[in-house]
Amino acid sequence: MRYLPHTQEDIEEMLAVTGNKSLDDLFNCIPDKLKAKQPMDIPDSLSEWELNAHMEELASLNIACKDYKCFIGGGSYDHYIPAIIPYLISRSEFMTAYTPYQPEVSQGTLQGIYEFQTMITQLLGMDIATASHYDCGTALAEAALIAIGKSRKSNKIAVSSLIHPNHRQIIRTYISPRGYEMVEIPATKEGLTDTSVLEKLDDIAGVLVQSPNFFGNIEDLKSFKTIAVNKKTLFITSFTEALAYGLLKSPGSYGADIVAGEGQSLGISKSFGGPGLGLLASTKKLMRNLPGRLVGKTKDRNGEDGFVLTLATREQHIRREKASSNICSNNGLNAMTAAIFLATIGKTGIREIAQQNHDKAVYLKKALIKIGFKEIYNSPFFNEFVLKVPKGFKDKRDALISKSCIFAGMDLEPFYPDMKDHYLFCATETATKKDMDQLVKEVA
Amino acid sequence: MMTQDSNADPSSTDKPILSTPGLSKSGFRKPGTKGLKFNEPLIWNKSRKGRCAISIPRLDVQRSELDKDLIGEPPDLPELSELDVVRHFVRLSQWNFGIDSGMYPLGSCTMKYNPKTNEVQAARQGFSGAHPFSGDKFSQGALKLIYTLEQYLANITGFHAVTLQPAAGAHGELAGMLMIHKYHEKKGKQRSKIIIPDTAHGTNPASASLCGYESIKVNSGPKGILEPKAIAEIMDEDTAGIMITNPNTLGLFESNIQKIADIVHQKGGLVYGDGANMNAIMGVVKPGQIGIDVLHLNLHKTFSTPHGGGGPGAGPVAVVKALEPFLPIPRVIKKLDNYEFISDCPDTIGRLQTFYGHFGILVRAYSYILSMGQKGLEDVSKLAVLNANYIKEKLKGHLNLPYDQPCMHECVFNDKLQRPYNITTMDMAKRLLDYGFHPPTVYFPLVVDGAFMVEPTETESKETLDEFIDAVKAIIEEVKTNPDILHKAPVLTKVTRLDEVAAARKPCLRG
């Protein structure tokens, strides 16, 4: 097998050194009764060419194998990925390297992640960003644990019901074992989190709100900050569409204490939902509470600039049971991808492309309303919006997928049972006028 | 700006570092050599107003202005040309050492070769372009892959069911702890403690803490493995279970595991297996058959997915039948020839990831398993263990070997023989860089003072192992003949030893 270099000669020579008669002898230190009773039942090995055929067939069972038009978001977004991104990220020095525990031979990864951390703080208007987490949901759960950990009085957090439903589920998973609680804040008729309900809550360790929220609406983060300050509680925001902050006022500018986000929009393919990129940023004050890896700048013995993993005393390999979290790895290669993407899109590119996302979504929304789809929310939105669909839409939608490879919005009822016939539509810079017009024509 | 190596120590008796490229004094081939590298400024220092490296799409609809109150200043990202970006990151990559560069014997990390065909498979449009909310009907390829990979991993490890959701080993540990916690909750009596061996990876006690469990440490015996007596002494009905790594972090097989599992089970506890070292025992031992109730695997270790400079990986969890109801949702089920997600699992610990796990990583692991096949995976473990024992036999006596007995896929030395010369494991590790090898894991496990943990993996050839062995021996010679170069090392790398104390004291985490 081409990954196993040992020849018969090699094996014989090496067994002579180890003092074993055969390879099986190497396992004599394992008591017989602990050895497997039957061999593994795995198919015989496939050649590279058989593997290609098998995987091509498997991939063809996903409709994504065709060029489909994606008008759904919900936390996973269709964006253009420039050719230089896969080119650069596939450099084996990035891909096959491990965590930079030997910094002298890992300066590529370390400087790259330092640049990532910096650009994320610029995007979000925050002081510190970590070297990344698994996804927004888990980063947000970690933020919730920071808030509860810091609070002397409260084991309870207030969580907007317009945070991505799956993220709220993850938070629940993380807070349940130690009996922490979460209170969900309902939505208003405008499709925004009801701050009046939040005002009435006492004894909360943190306030969590997503903006743009799951419906695509832009929340009034200023009000949330005021409430959080009045209640002396942490103000935590999240987002699923990182490009929104190429256009919108940053969460940092509203005084967010912690921001959790999804970075998949930054040059990472959808890949059936993973791996994505969890972003976590905070104010300087909370630096030592942040979980996960941090890259810091320093100097070597010759006075040359260099980078290292730092503040490891927060982490599991030092503090073990007293660590702020159990996190070991980050999503390193995806963080590097995001760094390359942010450098590529740059200050002017991100503004223009974020603006185009907005332009396209406005166009699509207007066009669908014109043919009888009902506007539900009047609030400002970013690249996603909710509409009530006319009768018969569901069948048309299913036919559209099979016939024309178009995904026209996403049914919200499974997530919000009251919202029958409500669909969440998404249009990014990849949605051409031609495609949007075709969609409108087909569902009219 | 170009830099070249000017740091070679002229007083080195091992002149060949500069003069005879690739050949050491004793005539063996030494991979590490000098080479021209390039400096690269921080990326924002290359920024020039007006440059843009991305192709702006043509706008074919009307511009639409958002409420001015909501719009912020554009983030202050750099402005670069496409070549600026490419050159920047190519140069950065050249400062890195990856598996493709040279041997990377990090103990407990299983730095085996990352097959390139796996990248081809993950990049197939049907996989990489799939939207997670496409619907089961239009995602049968993905669902079938997830289901089948679960079956393979369950079979390899000897368990009843598997979840592929956890995003990393530590995430899998959390999943395991949450399931144990829920199990006891369902039994009507929650417990407060978890037993954790002194050789455990730091994520073990950290994961236990996340569930509110107190970690009770138990020391390994004189042979480097756990003794049933020590467990029996502390196991009680307030202990939720034990976390065991097998083979353990000393590279030794925990041969008392069944007895230990019995002790724990007898008092109603569960056994969590840290499967990071699965590379040693595929086809030899099935953890699910030796008393372990829940086990996590690291796909980026045993199953060849790339480490990516720190991630993304994946940490699937395998469970016995009794724990199946607690698995995270969603799960994949098969109905005739059709695959579906289900979330209606009343006893689930809940959701762990926004979607279905690190799907792109799962594709790579699946491809690896199919490429190796049954015999291939059996050979992997045999050859991994052969390689580690070979190194152990060749280096023992030169480096101190605290546990002189057959090892599994990794072996642990320490610097006891070099300390009298004021040379530490750290010095020797740094000098290995100059010789063209990534150092082994150092200072872990904590039970060995000055640990030097070598895991060659099965993908390294005998010649490479011999080069590594010769390099270590040459360095040990330098301990006596040229200790100064060991204190200075590394000298051929882009930067020399970095001031980690200053980095922590005055953190500078952004530019």
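Some points to look at:
- Lone unmet requirement of (1) surrounded by 23 or more Cβ atoms within 10 Å (Cβ to Cβ); (2) at the interface with another protein chain (Cβ under 9 Å from one of its Cβ atoms); (3) over 20 Å from A:A158 (Cα atoms) for A:E241: (2)
- Any hit, the range A:427-434, residues being away from every other protein chain (no Cβ under 13 Å), without any contact (Cβ under 8 Å) to a residue 60 or more places away in the chain and not in a loop (DSSP other than H, G, I, E, B): no
- Single condition A:D418 does not satisfy, out of (1) on the phi > 0 side of the Ramachandran plot; (2) free of Cβ contacts under 8 Å to residues at least 12 places away in the same chain: (1)
- Residue tally, condition within 30 Å of A:A131 (Cβ to Cβ) and aliphatic (A, V, I, L, M), over the range B:470-511: 10
- When residues of the range B:150-164 are limited to those that are of a type outside the set (S, T, Y) and under 21 Å from B:C345 (Cα atoms), the one surrounded by the fewest Cβ atoms within 10 Å (Cβ to Cβ): B:H160
- For the range A:254-265, the criterion of being within 14 Å of chain B (Cβ to nearest Cβ) and surrounded by fewer than 24 Cβ atoms within 10 Å (Cβ to Cβ) is met by at least one residue.
- Any hit, the range B:158-165, residues being of a type in the set (V, I, T) and not in a loop (DSSP other than H, G, I, E, B): yes
- In the range A:1-37, residue nearest to the other protein chains (Cβ to nearest Cβ) [restricted to those that are of a type in the set (S, T, Y) and under 26 Å from B:I156 (Cα atoms)]: A:Y3
- Selection within the range A:38-74 - more than 7 Å from chain B (Cβ to nearest Cβ), in a loop (DSSP other than H, G, I, E, B) and either surrounded by fewer than 18 Cβ atoms within 10 Å (Cβ to Cβ) or among the β-branched types (V, I, T) (or both): A:Q38, A:S47, A:K66, A:D67
- Restricting attention to the range A:78-89, the residues that are in a loop (DSSP other than H, G, I, E, B) and at the interface with another protein chain (Cβ under 7 Å from one of its Cβ atoms) total 2.
- Looking only at the range A:138-169, and only at residues there that are more than 9 Å from chain B (Cβ to nearest Cβ) and of a type in the set (S, T, Y), the one that is farthest from A:M419 (Cα to Cα): A:S151
- The range A:116-137, subset at the interface with another protein chain (Cβ under 7 Å from one of its Cβ atoms) and of a type outside the set (A, V, I, L, M, F, W, C), residue nearest to A:I163 (Cα to Cα): A:G137
- Taken over the range B:65-118, the residue count meeting the criterion of being among the polar types (S, T, N, Q) and facing chain A (nearest Cβ under 7 Å) is 6.
- Residue within the range B:137-145 that is among the aliphatic types (A, V, I, L, M), at the interface with chain A (Cβ under 7 Å from one of its Cβ atoms), part of a helix (DSSP H, G or I) and crowded, with 18+ Cβ neighbours inside 10 Å present: yes
- Of the helices (runs of 4 or more DSSP H) that lie entirely inside the range B:442-511, those containing 3 or more residues that are among the basic types (K, R) span B:462-481.
- Selection over the range B:236-264 of residues that are away from chain A (no Cβ under 14 Å) and out of contact with any strand residue (DSSP E or B) (no Cβ under 7 Å at 6 or more places or on another chain) gives a count of 3.
- Across the range B:165-182, the qualifying residues are those that are buried (at least 24 other Cβ atoms within 10 Å of the Cβ) and over 19 Å from A:H133 (Cβ atoms), and the one among them that is nearest to the chain's Cα centre (by Cα) is B:G176.
- Note on the range A:99-113: among residues that are hydroxyl-bearing (S, T, Y) and facing chain B (nearest Cβ under 7 Å), the one that is farthest from A:D305 (Cα to Cα) is A:T99.
- Taking the criterion of being more than 9 Å from chain B (Cβ to nearest Cβ) and either in contact with a Gly (Cβ under 6 Å, 6 or more places away or on another chain) or modelled with pLDDT under 95 (or both), the only residue of the range A:271-287 that qualifies is A:L279.
- Under the condition of being at the interface with chain A (Cβ under 7 Å from one of its Cβ atoms) and assigned to a helix (DSSP H, G or I), the residues counted in the range B:40-54 number 1.
- All positions within the range B:200-230 that are crowded, with 24+ Cβ neighbours inside 10 Å, within 24 Å of A:F27 (Cβ to Cβ) and either more than 11 Å from chain A (Cβ to nearest Cβ) or among the hydroxyl-bearing types (S, T, Y) (or both): B:L226
- Qualifying position, being of a type in the set (V, I, T) and within 23 Å of B:E150 (Cβ to Cβ), among A:I11, A:I30, A:I63: A:I63
- Residue count, the range B:402-417 (criterion: within 19 Å of B:Y443 (Cβ to Cβ) and buried (at least 20 other Cβ atoms within 10 Å of the Cβ)): 7
- Residue list for the range A:215-238, restricted to those being within 12 Å of chain B (Cβ to nearest Cβ) and of a type outside the set (V, I, T): A:N217, A:E219, A:D220, A:L221, A:K222, A:S238
- Only one of the numbered conditions (1) more than 8 Å from chain A (Cβ to nearest Cβ); (2) under 24 Å from the mean Cα position of the chain (by Cα); (3) part of a loop (DSSP other than H, G, I, E, B); (4) farther than 25 Å from B:M278 by Cα is violated by B:L432, and that is (3).
- Any hit, the range B:378-394, residues being more than 7 Å from chain A (Cβ to nearest Cβ), assigned to a helix (DSSP H, G or I), touching a strand residue (DSSP E or B) at 6+ places or on another chain (Cβ under 6 Å) and among the charged types (D, E, K, R): yes
- Check on A:G349, more than 7 Å from chain B (Cβ to nearest Cβ), in contact with a Cys (Cβ under 7 Å, 6 or more places away or on another chain) and on the phi < 0 side of the Ramachandran plot: no
- Qualifying residue in the range B:173-187 (condition: touching a Leu at 6+ places or on another chain (Cβ under 8 Å) and within 26 Å of A:S60 (Cβ to Cβ)): no
- Residue match in the range B:258-276 (condition: part of a helix (DSSP H, G or I) and closer than 30 Å to A:M336 by Cβ): yes
- Residues of the range B:458-493 satisfying the condition of being hydroxyl-bearing (S, T, Y) and closer than 19 Å to A:E13 by Cβ: B:T459, B:S461, B:T464
The values are calculated or read from the model by the stated rules, or taken from the named source; none is laboratory data. It should be emphasised that the depicted structure is a prediction, and the values quoted were computed from it without experimental measurement. Heads up, the Cβs are rebuilt from the backbone with ideal geometry, glycines too, and the neighbour counts pull from every protein chain shown.
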